[in-house]
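J.: This structure is in structure tokens; I'll ask about it shortly.
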Ligand code: ARG
């Protein structure tokens, strides 16, 4: 019974009626035009970030297997998906993490090659694990509450603290989900989290030079913004070398 509820709650598909209190997620902040110029929306209902002029970094569970892929439409350069200046491109090829099985098992990243170069800023990956703690910013066009079946027209973002792996793993063990600690960063605070439809989007922080760098990728969570269950993000520092190699292959 519990196992069924957990599976349903972490599925990328719209969350069902959970009977949980309705909580605002992503802090209710609407991003201003141009604020996060590298964040993109993918047509299957995920987020992503421009990691190279022609390559989007997203979650492994947002895409199919490695190979040719012409199905994804990418909307870029806007926070309002209906804005007239939205830039669109299409996928041509995908490289998914070789070890990927399902989002809760780690290795949840993929890179998508576009049919053209986009004239937009790219988001660098953090250089090492030293930025894997503290406050981070997360964003997406996904649901603003767990029970909502609606995606947002405007990009939402929030600042959330990271949560130690041990604490996070303990929480999820209560729901019989084993956190893959080496591959994950947990984050969230009361009433603030990412949610369904935010997957694949970037978790970022400012480097010492003031520029944004990518620390994580929205991956999964049990429900959204539940106090006992933080959001789980792919840990970029763990996969940096592999992501850069895959990106180079597609560039
Ligand atoms: N797997 C979800 C998606 O496909 C992301 C869920 C994030 N959940 C959370 N509670 N942080 O959009």
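The values are calculated or read from the model by the stated rules, or taken from the named source; none is laboratory data. Fair warning: this is a prediction, and the values are worked out from it, not measured in the lab. With ideal geometry, Cβ positions are generated from the backbone for all residues, glycine too; neighbour counts draw on all protein chains shown.
J.: Tell me, yes or no, whether the range 43-50 has at least one residue that is away from the ligand (no atom under 15 Å from the Cβ), at pLDDT 95 or above, assigned to a loop (DSSP other than H, G, I, E, B) and over 15 Å from residue 217 (Cβ atoms). Break it down stepwise before answering.
T.: Filtering the range 43-50 for residues away from the ligand (no atom under 15 Å from the Cβ) gives 50.
Add one more test, that the residue is at pLDDT 95 or above, and what stays is 50.
If we keep only those that are assigned to a loop (DSSP other than H, G, I, E, B) too, we end up with none.
No, the range 43-50 has no match at all.
J.: Only residues that are touching a strand residue (DSSP E or B) at 6+ places or on another chain (Cβ under 6 Å), surrounded by 15 or more Cβ atoms within 10 Å (Cβ to Cβ) and assigned to a loop (DSSP other than H, G, I, E, B): list them for the range 91-119, please.
T.: Of all residues in the range 91-119, those touching a strand residue (DSSP E or B) at 6+ places or on another chain (Cβ under 6 Å) come to 91-96, 103-104, 108-116, 118.
Narrowing the set further to residues that are surrounded by 15 or more Cβ atoms within 10 Å (Cβ to Cβ) leaves 91-96, 103-104, 108-114, 118.
108, 109, 118, listed by residue number.
J.: Run residue 213 past the list (1) under 25 Å from residue 79 (Cα atoms); (2) at pLDDT below 95; (3) surrounded by fewer than 20 Cβ atoms within 10 Å (Cβ to Cβ); (4) more than 11 Å from the ligand (Cβ to nearest atom) and report the number of the one that doesn't hold.
T.: So residue 213 meets the others, but not (2).
J.: Any residue in the range 201-221 that's in contact (Cβ under 8 Å) with a residue 12 or more places away in the chain and under 15 Å from residue 129 (Cβ atoms): show its pairings with residues that are assigned to a loop (DSSP other than H, G, I, E, B) and more than 16 Å from the ligand (Cβ to nearest atom) at Cβ separation under 6 Å, as long as the two are six or more apart or on different chains.
T.: If the second residue must be assigned to a loop (DSSP other than H, G, I, E, B) and more than 16 Å from the ligand (Cβ to nearest atom), the pairs left are 213/124; 213/126; 213/207; 214/123; 215/126.
J.: What residue, among those in the range 187-210 that are outside any loop (DSSP other than H, G, I, E, B), surrounded by fewer than 23 Cβ atoms within 10 Å (Cβ to Cβ) and within 15 Å of the ligand (Cβ to nearest atom), is nearest to the chain's Cα centre (by Cα)?
T.: First, pick out the residues of the range 187-210 that are outside any loop (DSSP other than H, G, I, E, B): 187, 189, 192, 202-206.
Within this subset, residues satisfying the condition of being surrounded by fewer than 23 Cβ atoms within 10 Å (Cβ to Cβ) are 189, 192, 205-206.
Those left that are additionally within 15 Å of the ligand (Cβ to nearest atom): 189, 192.
Details: 189: 17, 192: 15 Å.
Per the criteria, the residue is 192.
J.: Please verify whether residue 234 is more than 7 Å from the ligand (Cβ to nearest atom), within 15 Å of residue 107 (Cα to Cα), surrounded by fewer than 24 Cβ atoms within 10 Å (Cβ to Cβ) and modelled with pLDDT of 95 or more, treating the condition exactly as stated. Before the answer, list the steps.
T.: On the way: more than 7 Å from the ligand (Cβ to nearest atom): yes; within 15 Å of residue 107 (Cα to Cα): yes; surrounded by fewer than 24 Cβ atoms within 10 Å (Cβ to Cβ): no; modelled with pLDDT of 95 or more: yes.
For residue 234, the condition - more than 7 Å from the ligand (Cβ to nearest atom), within 15 Å of residue 107 (Cα to Cα), surrounded by fewer than 24 Cβ atoms within 10 Å (Cβ to Cβ) and modelled with pLDDT of 95 or more - is not met.
J.: May I pose another question? Just one of (1) surrounded by fewer than 17 Cβ atoms within 10 Å (Cβ to Cβ); (2) assigned to a loop (DSSP other than H, G, I, E, B); (3) within 16 Å of the ligand (Cβ to nearest atom); (4) modelled with pLDDT of 95 or more trips up residue 179, so point out which.
T.: Condition not satisfied by residue 179: (1).
J.: Assess whether residue 108 counts as being modelled with pLDDT of 95 or more and within 15 Å of residue 200 (Cβ to Cβ).
T.: On the way: modelled with pLDDT of 95 or more: yes; within 15 Å of residue 200 (Cβ to Cβ): yes.
Yes; evaluated as a whole, the condition is true for this residue.
J.: Follow-up question, since we're still on this one. How many of the residues making up the range 66-89 are touching a strand residue (DSSP E or B) at 6+ places or on another chain (Cβ under 6 Å) and farther than 19 Å from residue 152 by Cα?
T.: Selection size over the range 66-89: 4.
J.: Hey, can you tell me all the residues within the range 238-250 that are closer than 12 Å to residue 109 by Cα and buried (at least 17 other Cβ atoms within 10 Å of the Cβ)?
T.: Correct list: 238, 239, 243, 246, 247.
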